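Before any comments, here is the structure.
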Amino acid sequence: MLDITGLSHRYEDGHQAVEGVELHVDRGELVSIVGPSGCGKSTLLRCVAGLQRPSAGRISVAGRAVDGVPDDLAVVFQDYTRSLFPWLTVRDNVALPLRRRGLARAERRARALDALAQVGLDATAGKHPWQLSGGMQQRVAIARALAYRPALLLMDEPFGSVDAQTREDLEDLLLAVRGGAGHQGGAGHRGGAGHRRGAGHQGGAGTTILLVTHDIDESVYVADRVVVLTGAPGRVHSDLPVDLPAPRDQIGTRALPAFVRLRTEVGRAVRRP
Amino acid sequence: MNQPARSGPGPGRQGPGARTRPARAGRTAGRTGSLAGRARRPTARARGLTRHAWGRSLLGAAGIAGTLLLVELLARGGLFDEQALPPATSVLARAAEMAVDDGFLGDLWITVSAWLGGLALAVALAVPAGLLLGSLPRLDTASLAVVELLRPVPSVALIPLAILVFVEPGRVERSLVCYAALWPVLLHTLYGLRDVDPVAKETLRSFGFGPLGVVWRVSLPSAGPHVVTGVRIAASVGLVVAVSAELRAGGDGGLGVYLLATQSGGGRPDLMVAGACWAGALGVAANAVLVGAGRRLFPRRAAAGAGP
């Protein structure tokens, strides 16, 4: 799904953010990317999103070289207050990107409400983002990405600006939509819209997710694989598969010996210069 | 009296003055509070009035009534020549008569249509121009310099030129209003576009929207409150220019022409002031409409108390 070879980026001020990053991600995988601060995690993500042209290297998404923003992509930014549009209601925020899917107005709205229901916010559809709490706003941003049903979802420290409790809830939300979206918000219960769904990716379990985080526990808890970058300039330090049992939960999973071993391993890798 | 309400942690840290003179503790607390860099704290009673919309309206109405009363007393008291300062009641009476006078309403309409026409043309030109200039990197800096250079030229100074070029008074007036209104709208659009959050733009780009989509769906609504502010300023400038153009260029009608006519035959100060009051009312109405539109279109600004 995603292939990165020899990716390097040097900013105009001479700062070398990443150097020679190699990464391959399969379709449907959730890969978290951790590393010491300033190691170019966000730069890597911006390059994949086509928002930034790397100084060297090759990125391809679904077999096509990235030159500009790839099709079928959604990004959840850390700064939800800046990423949501304050002049639109919550529902219209979620529905807006669906214009790219060529859906009619009614379908866009229905799909937006579906996605909002998935994150438990269907009751706030008529409000404006600034009337919601921070955690709710980030859920709106996540709902917007879910409604779009991208083949590739990039998340740049999506839970970095919310409190610990909300953070755990959002992590579980991510696990839930990945595990269950295929039959929950996905195909067919809204009859008429069914055949148009081909306009977008089917979402849920099939979506490939790249999650940048600085939280080691989180990187292990949600992911299928953890990629650790070295300090600046960022390179791939280690690539660790996460073999935790499928229904994960905040208390049980985090108490498993396998979890503790993995987080120790990731923690060591991050600290090593 | 009002001090117990806000005697939280504050008074404990007050200077000795607050302790030795408890009767004035409330006021002292208020003063040191603002000295400490906190927001301005009016007294509790004034807060009670200014907090509610009706309270503010009440204070405003009291101010207007008081001023009218003062003018009336000064005029009737013989302190001023009645020619120089017509009493408020007679001005108001004339203004009310004018409201049903077809001749005056015709003049008023000529001014309003030229004013709004020029304003609309200015908005139609300046907003797209601003979007175009503001979206092209570096060009907005260059164009801002040009705008800043042209803006200080008073439009009124161009009246003779406009008369020479456009001849017909209606066109002179419209073009001058348009010229005067162009700059504030263009300037505020450019500044508004500079204020657009790059994260908001990148969000839409990442969903696959092209440059035009981003301008239309993010830049324009985001700069909207600035644009509305520009239009508000343009409206008040435009009204000044419209009446000035009529005063200088004449023509077959308009508020300025009406005011010129009241000069003849010894002059009718009450009519002059009443006419000026109507011009002021136009300005107030335009401002109110634009503020209302801004609140409706951009509710966040209104909620944040920053009204566009």
Unique residue being more than 23 Å from residue B:289 (Cα to Cα), among the hydrophobic types (A, V, I, L, M, F, W, C) and not assigned by TED's automatic domain parsing to the domain that holds residue B:242 when the list is B:156, B:91, B:146: B:91
Among A:164, A:123, A:115, which is open to solvent by less than 10 Å² (accessible area, probe 1.4 Å) and either on the phi < 0 side of the Ramachandran plot or touching a His at 6+ places or on another chain (Cβ under 9 Å) (or both)? A:115
Kindly indicate whether any position in the range A:32-45 is free of Cβ contacts under 8 Å to residues at least 40 places away in the same chain and within 14 Å of another protein chain (Cβ to nearest Cβ). no
Checked pairs for the range A:196-219, first at pLDDT 85 or above, second of a type in the set (Lys, Arg), C-beta under 6 Å and 6 or more apart or across chains, list as A:208/A:27; A:212/A:41; A:216/A:263; A:217/A:263
Residue by residue through the range B:189-228, note down the ones that are surrounded by 21 or more Cβ atoms within 10 Å (Cβ to Cβ) and away from chain A (no Cβ under 14 Å). B:189, B:190, B:193
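Residue-by-condition table, conditions (1) of a type in the set (S, T, N, Q); (2) surrounded by 12 or more Cβ atoms within 10 Å (Cβ to Cβ); (3) assigned to a loop (DSSP other than H, G, I, E, B); (4) in contact with a Leu (Cβ under 8 Å, 6 or more places away or on another chain):
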{"position": "A:232", "(1), (2), (3), (4)": "no, yes, yes, no"}
{"position": "A:240", "(1), (2), (3), (4)": "no, yes, no, yes"}
{"position": "A:248", "(1), (2), (3), (4)": "no, yes, yes, yes"}
{"position": "A:251", "(1), (2), (3), (4)": "no, no, no, no"}
{"position": "A:258", "(1), (2), (3), (4)": "no, yes, no, yes"}
{"position": "A:262", "(1), (2), (3), (4)": "no, yes, no, yes"}
{"position": "A:269", "(1), (2), (3), (4)": "no, yes, no, yes"}
Of the numbered conditions (1) under 17 Å from residue B:237 (Cα atoms); (2) among the hydrophobic types (A, V, I, L, M, F, W, C); (3) at pLDDT below 90, residue B:177 satisfies every one except a single condition; which is it? (3)
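Here is a check on your reading of the model: is residue A:92 modelled with pLDDT under 90, surrounded by fewer than 24 Cβ atoms within 10 Å (Cβ to Cβ) and either in contact with a His (Cβ under 7 Å, 6 or more places away or on another chain) or of a type in the set (D, E, K, R) (or both)?
Details: modelled with pLDDT under 90: no; surrounded by fewer than 24 Cβ atoms within 10 Å (Cβ to Cβ): yes; either in contact with a His (Cβ under 7 Å, 6 or more places away or on another chain) or of a type in the set (D, E, K, R) (or both): yes.
Considered against the rule, which asks whether it is modelled with pLDDT under 90, surrounded by fewer than 24 Cβ atoms within 10 Å (Cβ to Cβ) and either in contact with a His (Cβ under 7 Å, 6 or more places away or on another chain) or of a type in the set (D, E, K, R) (or both), residue A:92 comes out as no.
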Condition set facing chain B (nearest Cβ under 7 Å) and part of a helix (DSSP H, G or I), scope the range A:59-88, selection most open to solvent (accessible area, probe 1.4 Å): answer is A:82
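The values are calculated or read from the model by the stated rules, or taken from the named source; none is laboratory data. On a predicted model such as this, the values are computed, not experimentally measured, just so you know. We place every Cβ from the backbone using ideal geometry, glycine too, and count neighbours over all the protein chains shown. Protein only, heavy atoms only, side chains kept; ligands, DNA and RNA dropped before computing areas. Shrake-Rupley method; radii C 1.70, N 1.55, O 1.52, S 1.80 Å.
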